[in-house]
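This report concerns only the one structure given below.
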Amino acid sequence: MSNEDTLGMGLIGCGAFGLFCLDTYSKMDGLRPVAVADVRKNVAEDFAREFNLASYTDPNELLARDDVDLVHIATPPSTHHKIALAALKAGKHVLCEKPLAMNAVEAREMLNEAKQADRISPVNFVLRYNEVTHAVKRIIDAGILGNVLSARLTNCAGDSGLHPEHWFWNKKLSGGIFIEHAVHFFDLYHHWLGEGKLICAHAETRPGTTQEDRVGCVVRHENGAIVNHYHGFDQITHMDRTNHHLVCEMGDIWIDGWLPLQLTIDAAVDDEGAERLSDYCATSDIRVVEEYEHEHRQVMGRGEMRYVTKRIRLHYCPEEDKQYVYSKSVRDLMIDQMNFIHDHSHVRTVTETNGYNAVVLAETAAKLAEQR
């Protein structure tokens with residue numbers, strides 16, 4: 001380790017997101033970027049020059065450095081397994097971009113190697129480190145709106161920057177949409193609703209091409225909630241958008257943003273429930289749409305008697321600046337992992353198991369979609 005308090009960090013994969021993360025890491029206490037690696041020599045050198053780091057075209061040269069304690073792998077999915085194993089065998093901690101691997105076999109091998117080496121190897125699941133995500137989790141766990149019955153994720157992603165030869169469309173390199181992209185949301189709903197089991201899956205290919213640009217699946221979670229996932233990489237950049245709609249026993253939760261930025265709740269609750277919602281969503285705007293009196297406060301729903309005093313509409317937007325929220329999520333995840341590296345009694349929000357579980361579900365969905 002470079003020193004007792006500061007971890008030396010190396011970035012492997014100098015794409016746009018790698019640059020974004022490196023900029024965030026360079027401003028953190030306890031973490032010191034020291035080197036980057038990318039097969040594109042000029043790109044690696046540009047990164048190195050901007051942050052005053054060493055640069056390599058061979059990641060093994062970066063891994064040979066004694067002052068690198070942790071590596072962030074931000075390369076295409078098909079390379080994660082090989083690079084991560086090499087890093088772990090070299091005694092480095094690993095933070096991997098999604099997905100952890102191309103399939104469950106590779107993912108399990110990576111986790112076994114991490115355990116044997118006593119090193120971390122989680123996925124950069126930034127959606128768990130988000131104020132809106134936290135608020136939704138608190139509301140669900142508290143049962144203020146009753147159980148979640150169903151949910152729909154609609155992810156309309158822009159493909160303006162994905163030319164036909166881009167590695168994203170090559171399933172041998174990316175794994176396809178389920179594995180490369182949907183793992184983020186499989187993990188998010190696992191976080192909210194518990195383990196999920198696949199019910200069905202489907203995929204569509206763009207007419208006249210081999211580009212699989214739309215996929216969908218249905219997952220049943222352990223609490224009984226049925227979640228519909230839709231991912232389409234078929235939008236112009238200007239219309240890139242994501243939203244969630246959670247149907248609960250006592251109302252609805254809408255969440256906007258690939259990186260959740262705001263939520264809206266429309267629900268019937270009692271006075272205590274309204275206060276708790278306001279507490280869980282600090283700085284939210286909450287208004288009473290309708291008040292109930294006398295006999296209208298006792299109402300039957302799903303075979304149970306419910307007590308409500310009002311119907312409320314709540315809007316919560318803790319931070320409007322997407323780049324700030326994104327950077328904070330990246331920083332908070334890294335801090336969480338660093339705390340564990342320094343003290344194994346620390347309980348992490350994201351562990352190696354989360355990345356593995358998401359790959360298992362994604363691989364199952366991808367295989368089922370191919371059979372249809």
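Throughout, read-outs are computed from the coordinates displayed, never taken from laboratory work. Because the structure is a prediction, the values reported are computed rather than measured. Here Cβ is always computed from backbone atoms with ideal geometry, including for glycine, and neighbour counts include all displayed protein chains.
Amide H of His93 versus every other amide H placed in the peptide plane: which residues, excluding those fewer than 5 positions away on the same chain, fall under 5 Å? The list, which skips near neighbours in sequence, is Leu70, Val71. Between Glu50 and His294, residue separation times 0.36 nm minus the direct Cα-Cα distance comes to 81.1 nm. Amide hydrogen proximity for Gln211: with H placed 1.01 Å from N in the peptide plane, the residues at 5 or more positions away or on another chain lying under 5 Å are Arg206.
Computed over the chain, relative contact order equals 17 percent, with contacts defined as Cα pairs under 8 Å that lie 6+ residues apart. Placing R0 at 35 angstrom, the Cβ-Cβ distance between Ile335 and Ala64 gives a FRET efficiency of 0.80 after rounding to 0.05. Cross-link pairs exceeding 20 Å in C-alpha to C-alpha distance, out of Lys82/Lys172; Lys27/Lys115; Lys82/Lys115; Lys197/Lys367, comprise Lys27/Lys115.
Here is the list for region 211-253: GluC sites (Glu not before Pro) lying in DSSP coil, each with at most 16 other C-beta atoms within 10 angstrom of its C-beta, are Glu222, Glu249.
Using just the helices of the chain, give the 222 nm mean residue ellipticity in deg cm²/dmol: DSSP H runs with n ≥ 4 each add -39,500 (n - 2.57), and the total is spread over all residues, rounded to 500. Result for the chain: -10500 deg cm²/dmol, rounded to the nearest 500.
Taken about its Cα centre, the chain carries a charge dipole of about 860 debye when Lys and Arg each add +1 at the Cβ and Asp and Glu each add -1 at the Cβ.
Summarising the amide proton neighbourhood of Glu195: residues at separation of 5 or more, or on other chains, whose placed amide H is nearer than 5 Å comprise Glu222. What the phi angles of region 287-298 give under the Karplus curve with 6.51, -1.76 and 1.60, with θ = phi - 60°, is a coupling list of 9, 8, 8, 7, 10, 10, 10, 6, 5, 7, 7, 9 Hz, glycine and proline written as x. Max-minus-min Cα coordinates of region 154-217 on each principal axis give 38, 22, 21 Å, with the largest extent listed first. Be a star and scan region 308-335 for residues whose amide nitrogen sits under 11 Å from the point 7 Å along the Cα-to-Cβ vector of Thr349. Flagged as within label range: 328-335.
Fewest-first ordering of Asp332, Asp213, Asp69 by other beta carbons within 10 Å of each residue's beta carbon gives Asp332, Asp213, Asp69. Sparsely packed loop sites in region 270-317 (the GluC sites (Glu not before Pro) outside DSSP H, G, I, E and B with at most 11 other Cβ atoms within 10 Å) comprise Glu293.
Which of rounded, prolate or oblate describes region 220-274 when judged by the alpha-carbon gyration tensor and an a/c cut-off of 1.5? It is oblate, given that a/c is not under 1.5 and a/b is not larger than b/c.
Say each of His238 and Lys89 gets a label point 7 Å from the Cα, pointing the same way as Cα to Cβ; how far apart are those two points in nm? In this crude spin-label approximation the distance works out to 5.1 nm. Along region 358-370 the Karplus relation, 6.51 cos²θ - 1.76 cosθ + 1.60 evaluated at θ = phi - 60°, assigns HN-Hα couplings of 5, 5, 4, 5, 5, 5, 4, 5, 4, 5, 5, 4, 5 Hz to successive residues, with x for each Gly and Pro.
In terms of packing, defined here as the mean over residues of other Cβ atoms within 10 angstrom, the peptides 115-128, 36-49 line up highest first as 115-128, 36-49. Each residue of region 201-209 was assigned a 3J(HN,Hα) from its phi angle through the Karplus curve 6.51 cos²θ - 1.76 cosθ + 1.60 (θ = phi - 60°); the sequence is 8, 8, 9, 10, 9, 4, x, x, 9 Hz, with glycine and proline shown as x. Remark: the chain is approximated by an ellipsoid whose semi-axes, taken from the C-alpha gyration tensor as √(5λ), come to 39, 24, 19 Å, largest first. Please state the shape class of region 169-317: rounded when a/c is under 1.5, otherwise prolate if a/b exceeds b/c and oblate if not, all from the C-alpha gyration tensor. Because a/c hits 1.5 or more and a/b exceeds b/c, region 169-317 counts as prolate. One Cα centroid belongs to region 27-54, the other to region 266-297; the line between them spans 50 Å.
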